[in-house]
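The values are calculated or read from the model by the stated rules, or taken from the named source; none is laboratory data. Small disclaimer: the values here were computed from a predicted structure and weren't measured. Here the Cβ positions follow ideal geometry from the backbone for every residue, glycine too, while neighbour counts run over all protein chains shown. Side chains included, ligands, DNA and RNA excluded: accessible areas come from the protein's heavy atoms. Shrake-Rupley method; radii C 1.70, N 1.55, O 1.52, S 1.80 Å.
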Amino acid sequence: MAVQRRDPQEPFGLHAHEFSEIVIITGGQGVHITGEDTYGLKAGDTFVIGGSRPHDYLDLDKLRLINVLIDTDELAMDVSDLQSLPGFHALFTLEPAWRKRHQFNSRLQLSPHELVQAIRLVDQLEAELDERSPGFGIMATTLLLQLAAFLSRCYNQTHNPKSKSLLRIAETIAHIERHYSDPISLDELIEMSGMSRRNFLRAFESTMGHSPIKYLIRIRIRQACKLLERDDLSITQIAMQVGFSDSNYFSRQFRSLMGLTPRNFRKRNLIAAG
């Protein structure tokens, strides 16, 4: 995790990272290029650059920006509550994937007041990382989560038509995250999205890498893994608690995704925990 301020941003050359960046444009103007496409930038524009995505800045006119760099592989962070926010999925997953289709018009655009609040959170994060006082790790992680949650809420409140179209899909993802243990039907998700069945399935799978039902199963298995780390619930109780009505079906799906049975997963984790 790191904070970098570009005041002003200088031409850097087309490059990619192994980490992700939250980019907040704080002033001036410029053009963001991603190898194939170019997009204009102005103060308040906020977006996420995923790892391995090439990009650069050109036609710089006093462009100022803040980069918050995150190595998600190294940063142990529980974002489960964030995943209940449609804006989180829209900002961090959907908008980067749909950038070319929407010509970058689905990006988050902070109001002046929102920009001030975002900068204040970044200032606090940077101070923790610079001073490295005892406990700075948890403080910095907490501030990063606050920043991500704040930006996600801002995206939730957008009036941008392109952003709203992403939010409809993001709402179905957040619905799955919030209600994974309840019965959820594909028809329910399609109705929530306001899209045709074909367009919804194609859009969901192209951005999330799985069909909605397969994504739901993965969320349920992820939650089951957490419960299996304890030994006070039976396999059947855990299956029911995460939304499976059939413990045999749960075990088959678990083994398909995790490579071992729920019982063996629990045994392995209990042995590892001593």
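Does Ile213 count as touching a helix residue (DSSP H, G or I) at 6+ places or on another chain (Cβ under 9 Å) and surrounded by 19 or more Cβ atoms within 10 Å (Cβ to Cβ)? Write out each step before concluding.
Working: touching a helix residue (DSSP H, G or I) at 6+ places or on another chain (Cβ under 9 Å): yes; surrounded by 19 or more Cβ atoms within 10 Å (Cβ to Cβ): no.
Criteria not met by Ile213.
Give the residues of region 161-203 that are assigned to a loop (DSSP other than H, G, I, E, B) and polar (S, T, N, Q), sorted by residue number. Can you show your working first?
Taking region 161-203 first, the residues assigned to a loop (DSSP other than H, G, I, E, B) are 179-185, 194-196.
Selection gives Ser181, Ser185, Ser196.
Can you find a residue that is over 30 Å from Glu191 (Cα atoms) and outside any helix (DSSP H, G or I) anywhere in region 209-227? Steps first, answer last, please.
Step one: filter region 209-227 for residues over 30 Å from Glu191 (Cα atoms), giving 225-227.
Next, from what is left, pick out any that are outside any helix (DSSP H, G or I): none.
Checked region 209-227: no residue is over 30 Å from Glu191 (Cα atoms) and outside any helix (DSSP H, G or I).
Among (1) surrounded by fewer than 21 Cβ atoms within 10 Å (Cβ to Cβ); (2) under 19 Å from the mean Cα position of the chain (by Cα), there is one condition Arg197 misses while meeting the rest; what is its number?
Of the numbered conditions (1) surrounded by fewer than 21 Cβ atoms within 10 Å (Cβ to Cβ); (2) under 19 Å from the mean Cα position of the chain (by Cα), the odd one out for Arg197 is (2).
For a quick check of your reading of the model, give me the residue pairs whose first member lies in region 28-53 and is under 21 Å from Leu94 (Cβ atoms), whose second is modelled with pLDDT of 90 or more and basic (Lys, Arg), with beta-carbon atoms closer than 9 Å and at least 6 apart or on different chains.
Close Cβ pairs (under 9 Å, with a partner that is modelled with pLDDT of 90 or more and basic (Lys, Arg)) do not exist here.
Being within 21 Å of the chain's Cα centre (by Cα), free of Cβ contacts under 8 Å to residues at least 60 places away in the same chain and open to solvent by less than 50 Å² (accessible area, probe 1.4 Å) is the filter here, so list the residues in region 110-136 that pass it.
Applying the first criterion (within 21 Å of the chain's Cα centre (by Cα)) to region 110-136 yields 110, 114-115, 117-119, 121-122, 125.
Those left that are additionally free of Cβ contacts under 8 Å to residues at least 60 places away in the same chain: 117, 121.
Leu121, the sole residue that qualifies.
Restricting attention to region 19-62, which residues are among the hydroxyl-bearing types (Ser, Thr, Tyr), over 18 Å from the mean Cα position of the chain (by Cα) and crowded, with 16+ Cβ neighbours inside 10 Å? Give the derivation first.
Of the residues in region 19-62, the ones among the hydroxyl-bearing types (Ser, Thr, Tyr) are 20, 26, 34, 38-39, 46, 52, 57.
This time we only want the ones that are over 18 Å from the mean Cα position of the chain (by Cα), so: 26, 34, 38-39, 57.
Matches in region 19-62: Thr26, Thr34, Tyr39, Tyr57.
Test each condition in (1) hydroxyl-bearing (Ser, Thr, Tyr); (2) part of a loop (DSSP other than H, G, I, E, B); (3) modelled with pLDDT of 90 or more for Thr158 and report the one that comes out false.
It is condition (3) that Thr158 fails.
Please pick out the residue among Leu115, Leu121, Leu167 that is under 20 Å from Met208 (Cβ atoms) and not charged (D, E, K, R).
Details: Leu115 fails: under 20 Å from Met208 (Cβ atoms); Leu121 fails: under 20 Å from Met208 (Cβ atoms).
That would be Leu167, the only listed residue that is under 20 Å from Met208 (Cβ atoms) and not charged (D, E, K, R).
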